[in-house]
Amino acid sequence: GYPIHVSHHMPPKQKPGACSKDLEARLRDCPDLAAAVALVEEARDRTLPLRFFPVALNALTTRAAAAAANGKSTDAGTATAALNVGEWLSRAASALDGGRPPEPVLSSLVRLCCQCGALARALELISEAQAVGTKPRLRTLGAVLAAASTAGDAGTCGLVWEQLPILGLVPQDTEFACMLRGLRGLRRRQFEVLRQMLRDLPLPSDPGLVEEIGRAFGVEGVPALQGVQPPHALGRTEEEGDGRRRWRVGWTSVDAEGRCSLTSRYLQALDISAGEEEELFRYTMRLANDSGSNINFRAFQRWLQEQQPYDVVVDGANVGFNNQNHEGGHFQYPQIHAVIKKLRDDGKRVLLVLHPKWLREDADLTVFKRKRKKLDQITVGATGDPPECPEPDDVGPELAYYPHEPVTEAEMQAPPGSPLDLIKMWKQWGVLVRVPLEDCDDWYWLYAALDSARKGARHVQVVSNDRMRDHHWRMLGNRSFITWRGRHMTGFTVQSDGTESVYSVILTPPPPYSLQAQVSADGASWHFPIPAIPSRAEQVATGRPVPRREIEAAEQRWLVAWLE
């Protein structure tokens with residue numbers, strides 16, 4: 001191999017990085033892959049800083065990709081030379097990182113291998129990097145998957161696909177599109193991927209993936225069917241027993257009851273299984289007590305064990321701050337009271353979860369945006385059986401009293417309708433639970449809701465407009481969380497008469513069907529909600545990826561495939 005000369009510092013009297021900057025500028029101006037290879041070979045005997053190596057690798061990769069995009073094939077000699085200098089650059093970068101290739105370097109070299117047709121070597125590089133402690137990202141494995149799918153290499157597609165869950169990587173639109181493309185002609189395996197997509201990607205959105213979904217059922221140009229009459233087309237034929245049936249694919253509408261206008265079938269209300277619920281319960285416990293040393297949360301668990309299940313758990317802070325994100329906005333106790341009263345009038349057993357800062361006599365009620373404390377993702381291996389709740393004598397002094405402190409003298413003397421008077425009523429009604437000062441109240445209402453479900457209240461609802469995206473990330477993107485949220489989160493609107501003395505409450509429970517991709521029990525109809533958002537390519541071009549909250553809030557267009 002090539003000799004490696006690397007240095008953190010340039011020689012005295014030479015501007016740091018001057019040589020590297022000159023080479024980087026010349027690399028940017030290289031007209032093609034052969035010129036970039038020649039320049040890297042020229043640089044191999046020079047002393048170079050670490051930053052040069054990923055820049056040079058990226059230059060090689062982009063030149064190779066540009067040639068492919070222009071329909072030009074790279075000759076074997078140039079491809080071999082590019083791979084040789086690419087591996088030298090990777091070794092040089094690894095030498096500065098304790099023998100481990102930095103992930104950006106690995107990603108660029110893998111993409112270069114893919115552009116040069118060396119898929120087997122790309123997989124070897126990924127394995128070698130893992131062996132020395134570099135974890136590949138989705139983009140790295142996705143590059144191999146994309147190249148294999150273009151080449152129609154179903155075997156390599158399968159090898160990459162098997163690695164994703166092992167590495168804790170969840171495929172997205174692009175990866176599902178590549179996998180479906182790579183498995184063309186293999187109907188059974190394509191349907192396995194579609195079923196996986198129902199779990200991992202309940203809101204497919206990229207046009208490339210929509211195209212591949214249509215092709216899986218034998219229809220080309222599915223996006224173009226929107227707005228035409230009829231908005232559907234015939235697909236491939238299925239042999240079924242003694243007869244033959246044919247797929248039809250198109251765009252449909254779904255009414256408030258979940259009825260599809262094209263198939264007349266009703267969409268399902270998807271909920272998680274008992275096993276998934278148990279796993280989610282354990283994950284939720286770890287949100288609050290990943291280390292096992294949160295004494296106050298363990299005391300809350302013991303208190304909750306003694307309670308009957310609740311019908312509704314209310315995220316008090318979210319209700320109190322509703323519609324208050326404006327000048328002069330402040331925490332609204334009457335809004336919380338209006339929601340609690342409505343639920344109680346409807347005969348619901350209610351638990352109101354509040355942080356102690358809202359229960360103080362001198363509470364600061366102003367709206368302010370505080371910087372969220374960054375928390376790590378919870379321990380993957382800690383989702384086994386939850387630890388047994390210890391006896392009180394085993395946990396030491398408790399800092400929180402459950403469900404709350406007794407009614408105070410100030411609350412007894414408070415004027416009717418004042419915050420302290422409302423707090424007194426919540427205590428007297430037996431609906432209030434106060435969380436510990438240092439803890440996040442979200443952990444407690446989510447845990448309480450799941451605990452009620454485990455006790456038999458399968459209908460339990462959480463009243464909140466919070467979509468809990470931070471907690472979903474901390475739970476490593478737990479798939480069952482999204483499904484559970486879709487069936488057990490009730491939104492709300494609270495409006496006053498302008499005097500803040502009379503409030504009307506509108507609760508928005510989940511619709512009778514789940515707003516996510518699904519297949520009928522007999523497998524004869526598939527429905528995919530497609531959010532109306534910019535494509536992945538458009539997002540990359542503008543440099544603005546669409547955040548998850550916008551995807552979830554976007555207008556949905558329903559794609560359906562059904563057997564006639």
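The values are calculated or read from the model by the stated rules, or taken from the named source; none is laboratory data. Just so it is clear, the structure is predicted and the values come from calculations on it, not from any experiment. Positions of Cβ are backbone-derived with ideal geometry, glycine not excepted, and every protein chain shown enters the neighbour counts. In case anyone asks, the SASA skips ligands and DNA or RNA and just uses the protein heavy atoms, side chains included. Shrake-Rupley method; radii C 1.70, N 1.55, O 1.52, S 1.80 Å.
Tally up the residues in segment 78-88 that are surrounded by fewer than 17 Cβ atoms within 10 Å (Cβ to Cβ) and touching a helix residue (DSSP H, G or I) at 6+ places or on another chain (Cβ under 9 Å), please. Walk me through how you get there before you give the answer.
Applying the first criterion (surrounded by fewer than 17 Cβ atoms within 10 Å (Cβ to Cβ)) to segment 78-88 yields 80, 84.
Checking which are touching a helix residue (DSSP H, G or I) at 6+ places or on another chain (Cβ under 9 Å) leaves us with 84.
Adding up the residues that qualify gives 1.
Which one of GLN115, GLN163 is open to solvent by 60 Å² or more (accessible area, probe 1.4 Å), polar (S, T, N, Q) and farther than 20 Å from VAL55 by Cβ?
GLN163
Take the conditions open to solvent by 20 Å² or more (accessible area, probe 1.4 Å) and either polar (S, T, N, Q) or modelled with pLDDT of 90 or more (or both) and apply them to SER480. Does it pass?
Values: open to solvent by 20 Å² or more (accessible area, probe 1.4 Å): no; either polar (S, T, N, Q) or modelled with pLDDT of 90 or more (or both): yes.
So SER480 does not fit the description; no.
If GLY185 satisfies every condition in (1) in a loop (DSSP other than H, G, I, E, B); (2) surrounded by fewer than 17 Cβ atoms within 10 Å (Cβ to Cβ); (3) touching a residue at least 24 places away in the same chain (Cβ under 8 Å) but one, which is the exception?
Result: GLY185 fails condition (3) only.
Does LYS427 meet the test of being part of a helix (DSSP H, G or I), at pLDDT 80 or above and open to solvent by 30 Å² or more (accessible area, probe 1.4 Å)?
no
Would you point out the residue of segment 89-103, among those that are at pLDDT 90 or above and farther than 14 Å from GLY133 by Cα, that is least open to solvent (accessible area, probe 1.4 Å)?
Checking each candidate, the answer is LEU89.
I'd like to know if segment 436-451 contains one or more residues that are at pLDDT 95 or above, in contact with a helix residue (DSSP H, G or I) (Cβ under 6 Å, 6 or more places away or on another chain) and in a loop (DSSP other than H, G, I, E, B).
No - not one qualifying residue is present in segment 436-451.
Which of the following residues is surrounded by fewer than 21 Cβ atoms within 10 Å (Cβ to Cβ), closer than 18 Å to ALA93 by Cα and out of contact with any helix residue (DSSP H, G or I) (no Cβ under 6 Å at 6 or more places or on another chain): THR62, THR47?
On the way: THR62 fails: closer than 18 Å to ALA93 by Cα.
Exactly one of THR62, THR47 is surrounded by fewer than 21 Cβ atoms within 10 Å (Cβ to Cβ), closer than 18 Å to ALA93 by Cα and out of contact with any helix residue (DSSP H, G or I) (no Cβ under 6 Å at 6 or more places or on another chain), namely THR47.
Going by what's in this entry, would LEU203 be described as part of a helix (DSSP H, G or I), within 28 Å of ARG485 (Cα to Cα) and either among the charged types (D, E, K, R) or touching a residue at least 24 places away in the same chain (Cβ under 8 Å) (or both)?
no
Output the number of the condition that HIS355 fails; it satisfies all remaining conditions of (1) surrounded by 12 or more Cβ atoms within 10 Å (Cβ to Cβ); (2) modelled with pLDDT under 65.
Only one criterion is unmet by HIS355, namely (2).
Go through segment 243-281 and count every residue that is in contact (Cβ under 8 Å) with a residue 12 or more places away in the chain and open to solvent by less than 50 Å² (accessible area, probe 1.4 Å).
Residues flagged as in contact (Cβ under 8 Å) with a residue 12 or more places away in the chain and open to solvent by less than 50 Å² (accessible area, probe 1.4 Å) within segment 243-281 amount to 17.
Out of curiosity, is GLU279 more than 19 Å from GLY491 (Cβ to Cβ) and not in a helix (DSSP H, G or I)?
no
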